Amino acid sequence: MTPQDYRDIRYEVADGRARVTLAVPGTHNAITDRMLDELEDAAWRADDDTSVHCLILRGDGPSFCSGYDLLHLGRRPEEGRRSGRSFDDDIWLIERNNRRIRALWEIHKPSIAQVHGNCLAGGTDLAMVCDMVVVADDARIGFPAARSMGALPNNLWLYHCGPQWAKRLQLTGDSVTGADAAAIGLAMKAVPADALEDEVEGIADRLALVDTDLLAANKRITNLGMELMGAQVLQRLAAETDARAHRSEAVRNFGRDVKELGLKEVLRRRDEPFGDSMASAREPDGRL
């Protein structure tokens with residue numbers, strides 16, 4: 001695969017950085033198998049390029065990433081391929097996705113997520129595996145799929161915002177603004193939307209001044225420290241837990257209702273009782 005083959009992302013190298021842009025704005029950059037393949041290829045391509053000091057991951061259009069492409073749920077796999085129907089098949093498929101996403105963690109060069117608009121469900125998987133997350137203060141970040149579709153399959157929330165906020169957001173499927181995400185540690189920093197690109201590019205400017213071997217050494221010791229705290233083991237457990245959650249009655253009912261009522265209506269009925277689905281880090285949430 002070469003950058004000319006990419007269809008769901010764009011890839012460019014300039015000024016000591018690789019910019020990887022999720023490029024399916026019509027679906028708010030919903031994640032597909034092809035996108036993950038291209039993203040993994042681009043991450044290792046940037047890591048191998050001696051002119052690159054860091055990678056910036058961003059999204060085209062109104063959102064960073066709206067999560068996995070739900071319109072492809074339930075499609076039959078090719079003959080002889082894993083279907084996801086057995087417990088082990090399900091784990092295998094989740095782990096395959098996690099391995100591709102984890103390239104952003106495993107490359108030796110630092111990665112920065114530039115988050116605007118919606119960063120939901122699988123979109124948070126992409127952002128949180130990056131080394132730094134910079135968000136627009138009006139971005140919307142959360143995992144609403146936890147209400148009806150399973151558990152979080154690639155779970156670094158605990159390491160970013162601690163156990164209480166991780167539980168608060170995962171157990172309800174509520175979201176936070178970019179400003180609140182930064183306040184609780186889910187993001188490194190929040191800035192006004194019109195300053196987001198300059199903020200990320202400013203960090204990349206600084207990284208471009210540092211020897212790539214030093215960048216690698218300092219990135220990797222921090223990541224190895226997180227691995228000693230169980231971060232990689234937790235990712236494997238997250239895949240197993242998500243597969244377990246897929247066996248719940250709620251998930252079975254969700255799949256049945258989508259076939260009968262359509263995805264848009266099922267999501268409306270699921271989310272409507274939660275009001276605006278937002279949690280505040282600094283103001284009382286009150287009752288529904």
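The values are calculated or read from the model by the stated rules, or taken from the named source; none is laboratory data. Small disclaimer: the values here were computed from a predicted structure and weren't measured. Note: ideal-geometry Cβ built from the backbone for every residue, glycine included; neighbour counts use all protein chains shown.
Among the candidates L171, L209, the residue that is closer than 26 Å to I31 by Cα and exposed (fewer than 15 other Cβ atoms within 10 Å of the Cβ) is uniquely L171.
Return the only residue of T222, T241 being assigned to a helix (DSSP H, G or I) and under 28 Å from T27 (Cα atoms).
Result: T241 is the single residue among T222, T241 that is assigned to a helix (DSSP H, G or I) and under 28 Å from T27 (Cα atoms).
Could you say whether any residue in the range 11-25 is among the acidic types (D, E), farther than 22 Å from V200 by Cα and at pLDDT 95 or above? There is no residue in the range 11-25 that is among the acidic types (D, E), farther than 22 Å from V200 by Cα and at pLDDT 95 or above. Set side by side, the residues N223, N218 differ, and just one is more than 21 Å from the chain's Cα centre (by Cα) and of a type in the set (S, T, N, Q), which is N218. Give me the pairs, please: first residue somewhere in the range 104-123 and in contact (Cβ under 8 Å) with a residue 12 or more places away in the chain, second residue anywhere and in a strand (DSSP E or B) and among the charged types (D, E, K, R), beta-carbon distance under 6 Å, and either six or more positions apart or on two chains. Going by the 6 Å Cβ cut-off, the qualifying pairs are Q114/R58; N118/R140.
For the range 212-240, filtered to residues that are modelled with pLDDT of 95 or more and among the polar types (S, T, N, Q), the residue that is surrounded by the most Cβ atoms within 10 Å (Cβ to Cβ) is T212. Would you be able to tell me the number of residues in the range 1-40 that are in a loop (DSSP other than H, G, I, E, B) and surrounded by 14 or more Cβ atoms within 10 Å (Cβ to Cβ)? Result for the range 1-40: 9.
Looking only at the range 33-58, which residues are out of contact with any Lys or Arg (no Cβ under 8 Å at 6 or more places or on another chain) and either over 21 Å from L93 (Cβ atoms) or at pLDDT below 95 (or both)? Even if it seems obvious, please write down each step before you answer.
From the range 33-58, those out of contact with any Lys or Arg (no Cβ under 8 Å at 6 or more places or on another chain) are 33, 35, 41-45, 48-51, 57; that's our starting set.
Hits for the range 33-58 are D33, A42, W44, R45, D48, D49, T50, S51, L57.
Restricting to the range 264-287, and then to whatever is in a loop (DSSP other than H, G, I, E, B) and without any contact (Cβ under 8 Å) to a residue 24 or more places away in the chain, can you tell me which residue is nearest to D180 (Cα to Cα)? So the residue we want is E283. Please tell me if D180 is in contact with a Pro (Cβ under 9 Å, 6 or more places away or on another chain), closer than 18 Å to V115 by Cβ, crowded, with 18+ Cβ neighbours inside 10 Å and not basic (K, R). Taking the combined requirement at face value, the residue does not satisfy it.
Taken together, the residues in the range 41-65 that are within 26 Å of F143 (Cβ to Cβ) and surrounded by fewer than 19 Cβ atoms within 10 Å (Cβ to Cβ) amount to 3.
Scanning the range 16-75 for residues that are among the hydroxyl-bearing types (S, T, Y), over 30 Å from E260 (Cβ atoms) and touching a residue at least 60 places away in the same chain (Cβ under 8 Å) turns up just one, T50. Of the conditions (1) loosely packed, with under 13 Cβ neighbours inside 10 Å; (2) in a helix (DSSP H, G or I); (3) in contact (Cβ under 8 Å) with a residue 12 or more places away in the chain, F254 clears all except one; give me its number. Condition not satisfied by F254: (1).
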